1. Could you tell me whether E39 is among the charged types (D, E, K, R), within 8 Å of the ligand (Cβ to nearest atom) and modelled with pLDDT under 95?
2. Given the criteria free of Cβ contacts under 8 Å to residues at least 40 places away in the same chain, closer than 17 Å to I103 by Cα and more than 15 Å from the ligand (Cβ to nearest atom), does P78 qualify?
3. Among (1) modelled with pLDDT under 95; (2) near the ligand (Cβ under 7 Å from one of its atoms); (3) touching a helix residue (DSSP H, G or I) at 6+ places or on another chain (Cβ under 6 Å), which single condition is V202 missing?
4. Being away from the ligand (no atom under 13 Å from the Cβ) and under 14 Å from A92 (Cβ atoms) is the requirement here; does K171 meet it?
5. Pairs, please: C-beta under 6 Å, at least 6 apart or cross-chain, first residue basic (K, R) and modelled with pLDDT of 95 or more and in the range 86-109, second within 6 Å of the ligand (Cβ to nearest atom) and assigned to a loop (DSSP other than H, G, I, E, B)?
6. Whether any residue in the range 121-128 is assigned to a helix (DSSP H, G or I), more than 14 Å from the chain's Cα centre (by Cα) and buried (at least 17 other Cβ atoms within 10 Å of the Cβ) is what I want to check.
7. Among the numbered criteria (1) within 14 Å of L175 (Cα to Cα); (2) within 11 Å of the ligand (Cβ to nearest atom), which single criterion is violated by R97?
Amino acid sequence: MPDLKALHNAVVTGDAKTSRALTEQALAEGVDPLKLVNESLVPAMDEVGRRYESNEYFVPELLISARAMKAALELIRPLLTARGDKPIGRVAIGTVRGDLHDIGKNLVASLLEGGGFEVIDLGVNVSPERFIASIKEKDATIVAMSALLTTTMPAMKTTIEALKQAGVRDKVKVLIGGAPITQKYAEEIGADGYSENAVGAVALAKKASAAAT
Ligand code: B12
């Protein structure tokens, strides 16, 4: 049995080499990649966040832990994105303006791809205009926004307002997520759905696509 606790510790301490090696080993032994994500890697980032909050960690530690997390995810992502034939919808996904966190957004993007969606990844710090362009120029049917900071949550509301102004709000379903987001907030700003994790995001996108057809 691979050592999930050691993988957790490697991410918490920012040891990218060990994180990669242990992930490689676990996958070779047949461990479900989602189990690694949900039971080891995501809780490790939560611990990193806790240490940051209690001033044990500062931004450099966040960065090296993020690097260790990414080293593991690089191996895991291709396994999550094994695709079917015809896409069941086109999702434009991005982290909202002012926000640079992309680990969760990337996980959601991978699982959406694995779930049969075509994904247009707009990256981080995405302006409302770029979300609008993805609908007008790339025919996105779903807009998925991620925010990790309480200070960037309002950018979701601003983006939805901008979609309305541009006359494209009715062409798409808007899904939102990220650590500070809640179902209540989604309802408040007029989003079509919220999920607290990447697996839920796929279920939400499938539901949204079914409702649109
Ligand atoms: C890693 C990290 C960083 C890294 C990011 C690296 C990267 N490439 O992403 C760096 C060092 C850059 C960083 C910077 C900062 N960070 Co930071 N960071 C974190 C940390 C520790 C982990 C985030 C993470 O990756 N989690 C793991 C992923 C898998 O989880 P997730 O993102 O939540 O995603 C899941 C769900 O939310 C959901 N989901 C996500 N997106 C979406 C979208 C949709 C549509 C759906 C349906 C679902 C969904 O699915 C995902 C998978 O299950 C968090 C603490 C935490 N526990 O969240 C702090 C945290 C978010 N950061 C924080 C802060 C304060 C900052 C800085 C302001 C620090 C500073 N003084 O500079 C800057 C801001 C930079 C900016 N402008 O964005 C605070 C935010 C506090 C607040 N209330 O707003 C946190 C909470 C730490 C803390 N406890 O205080 N950070």
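The values are calculated or read from the model by the stated rules, or taken from the named source; none is laboratory data. Only a predicted model underlies this, so the values are computations on that prediction, with no experimental measurement involved. Glycine gets a Cβ as well: all are built from the backbone with ideal geometry, and neighbour counts include every protein chain shown.
1. Here the answer is no, as E39 does not meet what is asked.
2. Values: free of Cβ contacts under 8 Å to residues at least 40 places away in the same chain: yes; closer than 17 Å to I103 by Cα: yes; more than 15 Å from the ligand (Cβ to nearest atom): yes.
So P78 fits the description; yes.
3. Checking V202 against (1) modelled with pLDDT under 95; (2) near the ligand (Cβ under 7 Å from one of its atoms); (3) touching a helix residue (DSSP H, G or I) at 6+ places or on another chain (Cβ under 6 Å), the one that fails is (2).
4. In short, yes.
5. So the pair list comes out empty.
6. Scanning the range 121-128 turns up at least one residue that is assigned to a helix (DSSP H, G or I), more than 14 Å from the chain's Cα centre (by Cα) and buried (at least 17 other Cβ atoms within 10 Å of the Cβ).
7. (1)
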